[in-house]
Every structure is written in C-alpha cells, then in structure tokens.
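Inspection log for the structure reproduced underneath, given as structure tokens.
The values are calculated or read from the model by the stated rules, or taken from the named source; none is laboratory data. Every value quoted in this text rests on a predicted model; they were computed, and no experiment measured them. Positions of Cβ are backbone-derived with ideal geometry, glycine not excepted, and every protein chain shown enters the neighbour counts. Keep in mind that these areas ignore ligands, DNA and RNA; they rest on the heavy atoms of the full protein, side chains included. Shrake-Rupley method; radii C 1.70, N 1.55, O 1.52, S 1.80 Å.
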Amino acid sequence: AQSVAQPEDQVNVAEGNPLTVKCTYSVSGNPYLFWYVQYPNRGLQFLLKYITGDNLVKGSYGFEAEFNKSQTSFHLKKPSALVSDSALYFCAVRDESGYALNFGKGTSLLVTP
Amino acid sequence: ETGVTQSPTHLIKTRGQQVTLRCSSQSGHNTVSWYQQALGQGPQFIFQYYREEENGRGNFPPRFSGLQFPNYSSELNVNALELDDSALYLCASSLRSMNTEAFFGQGTRLTVV
C-alpha cells in the first residue's frame, strides 16, 4: 500500500529562519504526493502537490517542496518562516486505487517570534 | 475558503445513537470523500462517492454509510455510535483523477458520550 511517514512530531523554528518539514514515502509505481496544512479546529488546506516533472514544486503562501526519488522523500520547505505558519502539516500520497489520500500522522510546526 | 461546507460544525451524541453529517461540494467537483480524524492523528479514509455510487472504501465497518446526491452534495451516516467514533469528520471534494488535489471542508466535530 502507498504510505508516507513524517518522522518529526514537532518542528520548532525562529521567525525569519528557513523551515523544513520532513516526509518520506513508500509507493509502488509513480507517486502522487501532496502537502496540506491544518489550523486549529479547521479543515485541511491544500499547499502543493507533486505529480511529475520538476523536482522542486512551488505552492501556496511561499511554501515549496523538494521531491527526491533516490531518497524517497518529499520535504516541505520555506525560506523564511512566519509566526502565522504555526500549524499542523500533513503529507499525503494518493492510494494506488486512486480513491483515497493516505496521510502521515502530521507534524506540528511552531514558529517563535 | 475552499467552497466545501459541512454541517453541523459540532455535535454531541449518546452511544448507540445514529448521526447524519452533511457536506456541500465545491462547484464543478463530481467526487466526494469522507475522512475521520481522531485527536492527534492524520485523517483516515472512510469512503468515496462518484456519480452517486460508492467506489472506494477504507477500513471502516458497514455501520458507516453514505449518500451522494445529484447536485454532488453528500451525507455520512453512522449507526450504533461508539465512544471511539468521537473525531473530526472531514468531507473533501475533487475531480475524479489521480493527480488532482482534494479540497476539504472545515469538518464536523462529533463527540460520543
């Protein structure tokens, strides 16, 4: 089954510093990878996706993600973190059936002033 | 805002009761999926509807059922509620394609007592 893993429960970064939220994947075939963000008591907001093509994917709110096939990783990055980026971040992969998104357990990002 | 709306936002039910949650899809989307997000966990796929038929299901028992209507709105029904059904229930609408992202509603917080 297609799956993703987020090895960090929490990431702390100072405002203005670069941030990275890690995600590794395990798939058979081509991966369809997604990043979502969740603010408290809210649904998930789509940030970006990798389907094919360039390994560096740009998304919403200044976020980008780097797809690395050899390391089976899809890390989320931002050059300069904002306090308002503090939220829960989920990596997801499309299930091989095409129906479901399989999510990681999430990484809590805390950006301090 | 994603254009996906869910109702109600919060709900308290007693063990053994039945509940119906509702979702209005984003305009133009023909596929709706439902996810359960337990506290501190990533969303888990319940099932997906396309053209008013269930066409994919996760590891959830038959007491979880759904409907999709001609206008692509949807319902999630849960019978014989158990305490472990307490969670945030998320509706997601999309086009029926492997490489398209899903757009989530704000969720319904169900508490079973």
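Details
- Fraction of accessible area attributable to carbon and sulfur, chain A (%, probe 1.4 Å): 49 percent
- Sum of side-chain charges, residue A:32 neighbourhood, beta-carbon under 14 Å (Lys, Arg +1; Asp, Glu -1): +1
- The range A:1-45 and the range B:11-31: distance between their alpha carbon centers, rounded to Å: 26 Å
- Unsatisfied cross-links (Cα-Cα over 19 Å) in the set A:58/A:105; A:22/A:58; A:22/A:49: A:58/A:105
- Sparse packing (at most 15 other Cβ atoms within 10 Å of the Cβ) combined with a DSSP loop state is found for the following GluC sites (Glu not before Pro) in the range B:1-95: B:1, B:52, B:82.
- Each of B:36, B:61, B:11 was scored by the projection of its Cα onto the charge dipole of the range B:10-69, and the greatest displacement toward the positive side belongs to B:11; charges sit on the C-beta of Lys, Arg, Asp and Glu.
- Rolling a 1.4 Å probe over the protein chains gives residue A:84 an accessible area of about 80 Å².
- Seen from residue B:85, the other residues with C-beta closer than 13 Å to its C-beta sum to a net charge of +2, counting Lys and Arg as +1 and Asp and Glu as -1.
- Chains B and A together bury some 1900 Å² of accessible area, summed over both sides, with a 1.4 Å probe.
- Packing rank of A:24-33, A:97-106, where each peptide gets the mean count of other beta carbons within 10 Å, highest leading: A:97-106, A:24-33
- Residue mean of other protein chain beta carbons inside 10 Å, A:46-56: 2
- In plain terms, the chain from residue B:95 to residue B:109 could stretch by 2.5 nm, reckoned as 0.36 nm per residue minus the Cα-Cα distance.
- Peptide-level mean, for B:55-63, of C-beta atoms on other protein chains within 10 Å: 2
- Nonlocal amide H pairs with residue A:8, under 5 Å, H built at 1.01 Å: A:22
- Shape class for chain B: prolate, because the ratio a/c of the largest to smallest gyration tensor axis (alpha-carbon atoms, square roots of eigenvalues) is 1.5 or more and a/b beats b/c.
- Here chain B is scanned for trypsin sites (Lys or Arg not before Pro) in DSSP loops (not H, G, I, E, B) that have at most 16 other Cβ atoms within 10 Å, and the longest stretch holding none of them is B:16-50.
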